[in-house]
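Accompanying notes for the structure given below.
The values are calculated or read from the model by the stated rules, or taken from the named source; none is laboratory data. Nothing here was measured: the structure is a model prediction, and the numbers come from that model. Using ideal geometry, Cβ is built from the backbone for each residue, glycine included, and neighbour counts are taken over all protein chains shown. All accessible areas refer to the heavy atoms of the entire protein, side chains included, with ligands and DNA or RNA removed. Shrake-Rupley method; radii C 1.70, N 1.55, O 1.52, S 1.80 Å.
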Amino acid sequence: KHVSFASISPEMYQRTMTVNGFSKSHAMTGLRLGYMAAPQQLAKAVTTIQSQLTSCAGSISQAAGLAALRDVKESEMDANVQIMREKRDFVIAALQTMPNVNLEVSPMGAFYVLPDVSAY
């Protein structure tokens, strides 16, 4: 079960930045939309640096992210997770039948599969 570092203790909360994006959570790849949650002191420091490196996300990406947060039901998110889990399991099962292909670690939190094909 996932446990956020920030929830461990008040001290840890003060040292934790959570950075995420909509690519994985809402299958919105290509829109380059992300966010950060952090205590105000850390957020201000990051804002200062970020403002010198990039501008802001495009208005279309922002509107899409807002719609995803407002309109996508948790049940839809759960269904998408289940679909991705089934796809991951299919790939793992197929790799396990291939000679000289090893999968040392099965993915648990993502759909990336990194098989060892060095025998070939």
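Brief remarks on what is shown
- Residue count for segment 86-119, restricted to those that are part of a helix (DSSP H, G or I) and among the polar types (S, T, N, Q): 1
- Tabulated pairs, segment 41-62, first free of Cβ contacts under 8 Å to residues at least 40 places away in the same chain, second open to solvent by 80 Å² or more (accessible area, probe 1.4 Å) and among the basic types (Lys, Arg), C-beta under 9 angstrom, 6+ apart or interchain: 42/15; 57/32; 58/32; 61/32
- The residue that is nearest to the chain's Cα centre (by Cα), among those in segment 48-85 that are modelled with pLDDT under 90 and in a loop (DSSP other than H, G, I, E, B), is 57.
- Residues located in segment 84-98, provided they are open to solvent by 80 Å² or more (accessible area, probe 1.4 Å) and among the aliphatic types (A, V, I, L, M): 98
- Within segment 1-39, considering residues that are part of a loop (DSSP other than H, G, I, E, B) and of a type in the set (Ser, Thr, Tyr), the one most open to solvent (accessible area, probe 1.4 Å): 29
- Screening segment 104-120 for residues that are open to solvent by less than 60 Å² (accessible area, probe 1.4 Å) and under 26 Å from residue 3 (Cβ atoms) and picking the one that is modelled with the highest pLDDT gives 113.
- Failed item, numbered, when residue 7 is tested on (1) polar (S, T, N, Q); (2) in contact with a helix residue (DSSP H, G or I) (Cβ under 9 Å, 6 or more places away or on another chain); (3) touching a residue at least 12 places away in the same chain (Cβ under 8 Å): (3)
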